[in-house]
Each structure stands twice: as structure tokens, then as C-alpha cells.
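Notes to accompany the following structure.
The values are calculated or read from the model by the stated rules, or taken from the named source; none is laboratory data. Every value quoted in this text rests on a predicted model; they were computed, and no experiment measured them. No Cβ is skipped: glycine too gets one built from the backbone with ideal geometry, and neighbour counts run over all protein chains shown. Only protein heavy atoms, including side chains, enter the accessible area calculation; ligands, DNA and RNA are left aside. Shrake-Rupley method; radii C 1.70, N 1.55, O 1.52, S 1.80 Å.
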Amino acid sequence: MRDGFIKVAAASPELRAADCAYNAERIIETVARAAREGARLLVLPELCVTGYTCGDLFLQKKLIEGAEAALEKIMRETESFSIATLVGLPALMEGKLYNCAAVLCGGALLGLVPKKNLPNYGEFYEKRWFCPAPEENARVRLCGREVPFGVKLLFQCAALSDFRFAAEICEDLWVPEPPSVSHALAGAVIIANLSASDETAGKAEYRRSLAAGQSARLVCAYVYADAGCGESTTDMVFGGHNIIAENGRLLAECAPFTTGRCSAVADLQLLARERTRLTTYPENSARGYETVFFDMEISETELAEREIARLPFVPEDDAERGERAGLILTMQAHALKKRLEHSQSKRAVIGISGGLDSCLALLVAVRAMELAGRPKSDVLAVTMPGFGTTERTRRNAELLCESLGVEFRQIDITEAARLHLRDIGHSGRDYDVTFENSQAPERTQILMDVANMEKGLVVGSGDLSELALGWATYGGDQMSMYGVNSSVPKTLVRHIVGRAAECTENEALRRALLDILDTPVSPELLPPDGENIAQKTEELVGPYELHDFFLYHALRFGFAPRKIRRLAAAAFAGAYSAETIDKWLKSFYRRFFAQQFKRSCMPDGPKIGSVTLSPRGDWRMPSDAAPALWLDDLP
């Protein structure tokens, strides 16, 4: 269990108010089902052994005795299941009645967590029957066992260090400073809430946002189990609205009045690493907490129920994707506008190839001029055909510039590159790395010289994916005066350009953008095969969707290569074989480590997302770091 995945569940069993024996049977069935389906943690509703709506019956001795007998039966009948279960019931302790969460595992009662915050609306709510939790933990007897009792209990799985959870009950979440804050600071990675929240119009959305928000605030998994339809409807109705959230993300939900159960695979390792990464996350404070250890067989959790995005940099929702594309383009343009103003540059000079990256850089430059109130003609686009340039990309470059209204120049570098190759003693007929890389510095020299002539600034187009792989010629396309795409991965570049094509009313621009999107990604450094591009980047370095997936999980969460391989296998099932994923993952780590020297002196550029490689901000790494540990994780 190196990956930290655990299946958790929340359920609202069918109940009858005050019928503890019946409720125990339904709870046992629910636990058995959850265990069969692979869940290792099950959260049930508040007071589910008796029903939340028993009212003054809570003060009847028979109900309390019935609840204890039911709990005894639940423990006995679920002893063989490898699952921790939180069950709600009333418990009488030293003459005081408490609304409790009983934590069970393997037939053992691990502890009792009483409710801390009791509502008191008129004479109806809980202070009529229950006492609030005491400030300090204690030891109590229930079902013939002495167990820990208190709010400050942390439950720890001996077999999986990140499997640590704590419990709170219903309104404990709704108050300004809920117990879950202290639980998280004490080290709980999962917070379980046993609830009985009645349904009112519009309340489900608030409840959902509250649970998701708490999971984000505490960087935890939040499992919320709500009382269901079996409760009495004398004055209220309950819908069994169960929610599982992780770090602000809704993993699973059972909408009110539906199935009454939901489950999800939580990534506890992700949460633990995110807390480590956030240096502002408060230091663990376990003062007054008691850790209760439990044994459980932990097998590898299937990932079928966990949604793993193939394109983690790209929102899956169409509306959100469009909004994100517009925001990123605006951020890039404002950054470039500021740099142009500060450097007093009269022109933005861009090398335009007819490919995706230079297309986005050109769109950014045009937007920057619009923001500055300057004419689009202040953008100077220079296309520099060389040995591998095809008519298609050259034509697209020209059409793109014409439709955007920028100045367009063509400067052929073929003869200059041939002369340079002759000068260094190269035949010009050997299509080796020297032949290829002779072209990029020539283009950079032209752009820099033109920028000097025009009192302009060279805008770089290299993207985040290329920086990660080192797919740039050092001192060539690796260099510019400002890199607007340096935080935008290739998969996102494609969607931003696609969004521009969707939104423009300029038909010529739309056609050019769509054809650029349809053109294979290529450096075009080798002579073409007729009209066909001879080099296809993704055949040489691997699919960008895989590399962006690797990059995101390696940098954003610091996952080990073995875990990234497992995530990729699940995300790209049916698209790439295990051998293909393994091949390109190993290539990713080799290239990422070997090419750091290019990133150590990369130009300025705006930070766009949570993953960037600027040596001045988010990524600091020695250029001589060895990849052995990472490659050894991929036997």
C-alpha cells in the first residue's frame, strides 16, 4: 500500500424510529455491503441506532438499553469485516446522556466521540436530552468494555500511516470553529461527520459547499453521512444527503431522497503531501489528543471509482474550460503589456512558425497591444523558413498574421544555415543534431537583431511542456526577452488556441487557427517528405498528453514514479499500453533531470498555474541532480 488510496463510504440505512433491533439488522447489512465493495471506512448517520427523531424517548431507559444491545450485536456480526465503521447512538455515561459516534473495527469498540455543539432551538432540539462533550478525554464503560471517550480522539490504522481519521457530529461542522479544525491539526487526514440534517428548500447546495469547503480549508477528506428517509416526518423530513469531498473537490455524492449511499477512493498520500508542500499549513498540534490504533488488512485499492483526468491542466467542463482559456490569455497579455511598457519597447517581435506555440504567443501580443491602446501593427511577426519548413506551415503563418492585422516579414535562413555549416566543416548532408540545431540559433539571432533595429522586445513562445523535456535548443529557441507561454503546458496551449478559433468572428482567422490545430507538432528541422512534415515531435519525445500528465503529478503533488505510472495506467486505459506508458515515463524522468540547465537560465515569464518551472519562483533544482532514485522506482 505505497500509494495511499483508501475507499471510503457514507450510507443512510433504512431505519425505524426507536426500533433498535431492526436498525441493527439494517446497519449490519450496510456494513457487510460496504466491506464487500472494498470500503475501509464507513460513516453512518447521527443516532442511527435509535433514529434521530426519538424525542423524549431518549430519556427512556428501555431505549438506551436497546441501543447498547444493538451496538453489541453490530460489533459481533461485523467482526469478520475489514472495515472501520462509525455508528451514531445515545450513550449514558455516569448519569449523563451523550449523542455519540461509536467507532468500531473487527468486532472491537475503539472509542466514543460525543457531540460537542448541541443546538437549542426552543424546547425541541438536543439540549433537552443530551449533554455537550466534556473538554477532556476520559475512560468509560460501554457494552462491558472500557474505552476512550472524548472529542480529542484520533484513530490510526497500524498498516497504513496516512490512514488517520477523527469524528465530529452534525452541527459540529456548522459552527465557526468546528472540532474538525483541531482534528486536522492533530494529524487526522479524514474527518467523518455523522449528521442528521433535515431537508429544506435549497439546503442541499449549502451543505455540499460547506463539506467541500471544509475539506479544502483543512486539506483533508471529508466524509459526511446524513439521516435518511426512515426517520419520523412528524415535523421534519430527512433525505440522506451523503457527501465525500477531498481537498475542495467533490468526489461523490448521494443526492437527497435517492440511494442513501455513496463511496469514493480517497488519496490520503496526496493530502499528506499537500500539507507538507503548504508551508503555511499549521504545525501539527496533538495536545490533549489520544491516538487509538487499530489493525486492519489493507489490500491494494482499485482505482475504478476515482476519477483521474487525462488532461489535469485542462478543465473537463466546457464552460469552465472556455472561461479558463480566456483568463489565461488575459493574464499573459497583461504581463506582456507591463514588460513592453517598462522596457519602453516600440515593437513586440515574434518568430512565427505556423505552429501552436508561436500562434498563442502572437494572440497574446495582439491582446497586449489592445490593452495598451496601441495598434496591432506594433506587433512584428517574422517567419524564418529553413530546411524543414513546409508550405502548409509557412502559409498558415502568413494567413494568421494577415487576419490579425500585424506586420509580417519573411526571412529565409536556409543559405545562412548552409554557410554556417560549411564554416564549421559540416557537410550539410548529414542530418544529425548539428544540422538540426544550427537553425534555431540563426533564428534567434535574426529576432534579436530585428528587435534591436525596431527598438523592440523578442517575445518567446516556448511552453511549459517543452521546458520540462528540454525540447529546445540552448541559446536558440530556449532564449528570448520575455516568455509568455513558459507556464502553459502543451495540452492547454491547444485548448486556448481552440477557444480563440471558436470565439472569433473573423472567418480567415478561424480557418488559420483550425488548420494550425490540425497540423502535427514539429520543429521542422529536417527536409520534408514532399509536402509532408518529416519530423513529428510526439514520435520523438512521446505524446504530450502523457508528458503533461507525468509533469502535473510529479511537480504538483511530488508523487513517486511508481504511483504516477499507476495513475496513468488508470487514466489512459485503452489509449496506451502499460509498456508505452512505462517507456515515456522513464524518458520523462531522464529528460527532466538532464535538461535542468536549460531551465536554470530561462527568460522571465508570467506564472499562470500551480505548476511552473521558473528558477526564480516555483522550481529550484540543481542542474547536476541525478535521476537514479526516480528511475529505480520504475523496475
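Scanning the stretch 422-447 for residues that are among the hydrophobic types (A, V, I, L, M, F, W, C), more than 16 Å from Ser353 (Cβ to Cβ) and either in contact (Cβ under 8 Å) with a residue 24 or more places away in the chain or crowded, with 18+ Cβ neighbours inside 10 Å (or both) turns up just one, Phe435. Taking each residue of the stretch 509-528 that is under 14 Å from Phe435 (Cβ atoms) and looking for partners that are hydroxyl-bearing (Ser, Thr, Tyr) and open to solvent by less than 40 Å² (accessible area, probe 1.4 Å) with beta-carbon atoms closer than 7 Å, six or more apart or interchain, yields Pro523/Thr537; Glu524/Thr389; Glu524/Thr390; Glu524/Thr393. May I ask you to list the residues in the stretch 450-485 that are free of Cβ contacts under 8 Å to residues at least 60 places away in the same chain and either in a helix (DSSP H, G or I) or open to solvent by less than 30 Å² (accessible area, probe 1.4 Å) (or both)? Hits for the stretch 450-485 are Asn452, Met453, Thr473, Gly476. Touching a strand residue (DSSP E or B) at 6+ places or on another chain (Cβ under 8 Å), of a type in the set (A, V, I, L, M, F, W, C) and crowded, with 24+ Cβ neighbours inside 10 Å, is that true of Val488? Judged against the criteria, Val488 is not a match. Listed conditions (1) part of a loop (DSSP other than H, G, I, E, B); (2) over 26 Å from Ala159 (Cβ atoms); (3) touching a residue at least 60 places away in the same chain (Cβ under 8 Å) are all met by Phe58, apart from (1). Residues in the stretch 146-163 that are aliphatic (A, V, I, L, M), within 28 Å of the chain's Cα centre (by Cα) and either closer than 26 Å to Glu72 by Cβ or not in a loop (DSSP other than H, G, I, E, B) (or both): Leu154, Ala158. In the stretch 230-245, the qualifying residues are those that are farther than 20 Å from Arg26 by Cβ and in contact with an Asp or Glu (Cβ under 9 Å, 6 or more places away or on another chain), and the one that is most open to solvent (accessible area, probe 1.4 Å) is Asp235. Just so you know, in the stretch 148-193 the residues that are more than 14 Å from Cys100 (Cβ to Cβ) and acidic (Asp, Glu) include one that is surrounded by the fewest Cβ atoms within 10 Å (Cβ to Cβ), and it is Glu177. Glu539 meets the conditions (1) touching a helix residue (DSSP H, G or I) at 6+ places or on another chain (Cβ under 9 Å); (2) assigned to a helix (DSSP H, G or I); (3) of a type in the set (Asp, Glu) in every case but one. The failed one is (1).
What's the total number of residues in the stretch 49-83 that are of a type in the set (Phe, Trp, Tyr), open to solvent by less than 10 Å² (accessible area, probe 1.4 Å) and farther than 20 Å from Met93 by Cα?
0
Residue-by-condition table, conditions (1) among the aromatic types (Phe, Trp, Tyr); (2) farther than 29 Å from Ile328 by Cα; (3) touching a helix residue (DSSP H, G or I) at 6+ places or on another chain (Cβ under 9 Å):
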site: His553; (1), (2), (3): no, no, yes
site: Pro561; (1), (2), (3): no, yes, yes
site: Arg566; (1), (2), (3): no, yes, no
site: Gly574; (1), (2), (3): no, yes, no
site: Arg590; (1), (2), (3): no, yes, yes
site: Gln596; (1), (2), (3): no, no, no
site: Leu613; (1), (2), (3): no, no, yes
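Which of the residues spanning the stretch 345-358 are open to solvent by 50 Å² or more (accessible area, probe 1.4 Å) and either without any contact (Cβ under 8 Å) to a residue 24 or more places away in the chain or under 34 Å from the mean Cα position of the chain (by Cα) (or both)? Within the stretch 345-358, just Ser353 meets the criteria. Within the stretch 566-576, not a single residue is open to solvent by 20 Å² or more (accessible area, probe 1.4 Å) and within 30 Å of Thr444 (Cα to Cα).
Per-residue answers, yes or no, for (1) at pLDDT below 95; (2) among the aliphatic types (A, V, I, L, M):
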| residue | (1), (2) |
| --- | --- |
| Leu112 | no, yes |
| Leu154 | no, yes |
| Arg164 | no, no |
| Leu173 | yes, yes |
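On the given criteria, is Glu14 touching a strand residue (DSSP E or B) at 6+ places or on another chain (Cβ under 7 Å) and open to solvent by 20 Å² or more (accessible area, probe 1.4 Å)? No, not satisfied.
The single condition from (1) farther than 21 Å from Pro176 by Cβ; (2) open to solvent by 30 Å² or more (accessible area, probe 1.4 Å) that Gly248 fails is (1).
Among the residues of the stretch 315-338, not one is hydroxyl-bearing (Ser, Thr, Tyr) and not in a helix (DSSP H, G or I). Mind listing whichever residues of the stretch 203-213 are open to solvent by 10 Å² or more (accessible area, probe 1.4 Å) and either closer than 20 Å to Pro282 by Cα or of a type outside the set (Ser, Thr, Tyr) (or both)? If the condition is that a residue be open to solvent by 10 Å² or more (accessible area, probe 1.4 Å) and either closer than 20 Å to Pro282 by Cα or of a type outside the set (Ser, Thr, Tyr) (or both), then Lys203, Ala204, Glu205, Arg208, Leu210, Ala212, Gly213 are the ones that fit.
Look through the stretch 1-33, keep the residues that are in a helix (DSSP H, G or I) and in contact with a Phe, Trp or Tyr (Cβ under 8 Å, 6 or more places away or on another chain), and return whichever of them is farthest from Ala70 (Cα to Cα).
Among those that are in a helix (DSSP H, G or I) and in contact with a Phe, Trp or Tyr (Cβ under 8 Å, 6 or more places away or on another chain), it is Ala32.
Among the conditions (1) outside any helix (DSSP H, G or I); (2) out of contact with any Lys or Arg (no Cβ under 6 Å at 6 or more places or on another chain); (3) open to solvent by 10 Å² or more (accessible area, probe 1.4 Å), Glu46 misses just one, which is (3).
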